[in-house]
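Peer 1: Encoded as structure tokens, here's the structure I'll be asking about.
The values are calculated or read from the model by the stated rules, or taken from the named source; none is laboratory data. These numbers were taken from a predicted model, which means no experiment stands behind them. When we count neighbours, we look across all protein chains shown, and the Cβ atoms used for this are built from the backbone with ideal geometry, even at glycine. Each accessible area value is taken on the protein alone, full model and side chains, heavy atoms only, with ligands, DNA and RNA left out. Shrake-Rupley method; radii C 1.70, N 1.55, O 1.52, S 1.80 Å.
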Amino acid sequence: MPPVLLTKRIEFSSSHRYVRTEWDEAKNRAVFGPCYNPPAHGHNYLLEVTVAGEVDPKTGMVINLFDLKRVLLDMIEEFDHKNFNLDMPYFTDRIPTSENIAQVLWSKLESQPDIGRLHQVRLCEDEDLYAEVSEAAGPDVASVVRRYSFTAVLDGCKGHTWDCFVTVHGPIDPVTGMVTDIGALDRLMQARVVKPFDQHHLGEVLGVSSLTGDQLARAIWERLTGRVSGGTLQKVSLVQTRDLTFEYAG
């Protein structure tokens, strides 16, 4: 039997700032954009921790949920309502990006014997950006996921708002703390997807008489692949409704 995955969510609030003190202001702003703005900015983070294991035949559980919750609460107490740059020793020599924070959380959880086998850590800054560190990829590699939205007509139906999640995977840059340049990804998506698609008939934009959600996800992939600055384009997920999602991964 394959292992069962169990995911627990927990929230905490903290602040951070992206800055390299050895760079001048112009370079910091060029690389980090608004994330460089002093003194810092805060987030209500959502942490999702996934563990894997076999179902215990006696308890019917992969892990005691009370034990998992206790470990998470004890760990998050160290991070909650802190300024990562000023208050946390983990970020004296690295920028507290979502990727680096997720990496630190992974390292702290990996050594906990009471939570079983750690499978994945997902850290959401907000609804539009999250980072993942997983057992399969290893702690020095991460995925960053960015959400974009556009409203367009598909196959003669009235305009519909689509949420497009773009996943970029790769090593965490030791200088910037990022897998990819988020500002560059935003500009790429605006130029290649959001502006051409928003408030338009998708069939006319793509030059086809009919178009399915699967084909649209692939079309977005083809507009992005080979153009992402840093990391590797891993997946395009296109959400039509909360009950219907299309994915394309090359």
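Peer 1: Go through the range 48-68 residue by residue and tally those that are open to solvent by 50 Å² or more (accessible area, probe 1.4 Å) and under 26 Å from the mean Cα position of the chain (by Cα).
Peer 2: Residues meeting the conditions: 1.
Peer 1: Still on this model: Among residues belonging to the range 206-233 that are within 17 Å of the chain's Cα centre (by Cα) and open to solvent by less than 80 Å² (accessible area, probe 1.4 Å), point out the one that is nearest to V194 (Cα to Cα).
Peer 2: V228
Peer 1: Moving to a separate point now. Only one of (1) in contact with a strand residue (DSSP E or B) (Cβ under 6 Å, 6 or more places away or on another chain); (2) open to solvent by 30 Å² or more (accessible area, probe 1.4 Å) fails for T167. Which number is that?
Peer 2: If we test T167 against (1) in contact with a strand residue (DSSP E or B) (Cβ under 6 Å, 6 or more places away or on another chain); (2) open to solvent by 30 Å² or more (accessible area, probe 1.4 Å), just (2) comes out false.
Yes/no matrix, rows are residues, columns are (1) open to solvent by less than 50 Å² (accessible area, probe 1.4 Å); (2) of a type outside the set (V, I, T); (3) closer than 21 Å to D181 by Cβ; (4) over 15 Å from the mean Cα position of the chain (by Cα):
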| site | (1), (2), (3), (4) |
| --- | --- |
| F91 | yes, yes, yes, yes |
| P96 | yes, yes, yes, no |
| K108 | no, yes, no, yes |
| Q112 | no, yes, no, yes |
| L118 | yes, yes, no, yes |
| V141 | yes, no, yes, no |
| T151 | yes, no, no, yes |
| W162 | yes, yes, no, yes |
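Peer 1: Would a scan of the range 181-200 turn up a residue that is touching a helix residue (DSSP H, G or I) at 6+ places or on another chain (Cβ under 6 Å), of a type in the set (S, T, N, Q) and surrounded by fewer than 20 Cβ atoms within 10 Å (Cβ to Cβ)?
Peer 2: There is no residue in the range 181-200 that is touching a helix residue (DSSP H, G or I) at 6+ places or on another chain (Cβ under 6 Å), of a type in the set (S, T, N, Q) and surrounded by fewer than 20 Cβ atoms within 10 Å (Cβ to Cβ).
Peer 1: With the checklist (1) at pLDDT 95 or above; (2) loosely packed, with under 15 Cβ neighbours inside 10 Å; (3) among the aliphatic types (A, V, I, L, M) in hand, flag the one item L129 doesn't pass.
Peer 2: Of everything listed in (1) at pLDDT 95 or above; (2) loosely packed, with under 15 Cβ neighbours inside 10 Å; (3) among the aliphatic types (A, V, I, L, M), L129 misses just condition (2).
Peer 1: Which number in (1) open to solvent by 30 Å² or more (accessible area, probe 1.4 Å); (2) in contact (Cβ under 8 Å) with a residue 60 or more places away in the chain marks the one condition that M178 misses?
Peer 2: (1)
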